[in-house]
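Please read the structure below before turning to the comments.
Only the coordinates and a few stated rules stand behind these numbers; no lab work does. Model, not experiment: these values are computed from the prediction. FYI the Cβ positions are ideal-geometry reconstructions off the backbone, even for glycines, and counts take in every protein chain you see.
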Amino acid sequence: MSMHNCMDDCFYGAATVGERGQVVIPAEARNELGIKPGDKLLIMRHPLYKGLMMVKIDALRGFLDEFARGVERLGEVEAQEEVEV
């Protein structure tokens, strides 16, 4: 996938910050990402730019669990390679 297609697929539009700091997530994004009323979102400052990133906490947990399993498998492979040497 090219960067151009990725940007097209990842862009949902713009939102305006209301007086109380509220932002409405575009309906297309909510529908595609399964964001429902009551879902918890983690809001983070972008590490390099003036901006925010948000992710469903449940989705982040799933990603981190899968990442941890991958790191564990990598450790097992490295340990096996050391035994074989």
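Structure summary
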quantity	calculated
Criterion violated by residue 55 - all others in (1) in contact with a Leu (Cβ under 6 Å, 6 or more places away or on another chain); (2) surrounded by fewer than 11 Cβ atoms within 10 Å (Cβ to Cβ) satisfied	(2)
In segment 13-48, the residues that are in a loop (DSSP other than H, G, I, E, B), within 21 Å of residue 60 (Cα to Cα) and among the small types (Gly, Ala, Ser)	34, 38
Qualifying residue in segment 67-85 (condition: assigned to a loop (DSSP other than H, G, I, E, B) and either surrounded by fewer than 10 Cβ atoms within 10 Å (Cβ to Cβ) or among the basic types (Lys, Arg) (or both))	yes
Residue match in segment 52-71 (condition: over 18 Å from the mean Cα position of the chain (by Cα) and free of Cβ contacts under 8 Å to residues at least 24 places away in the same chain)	yes
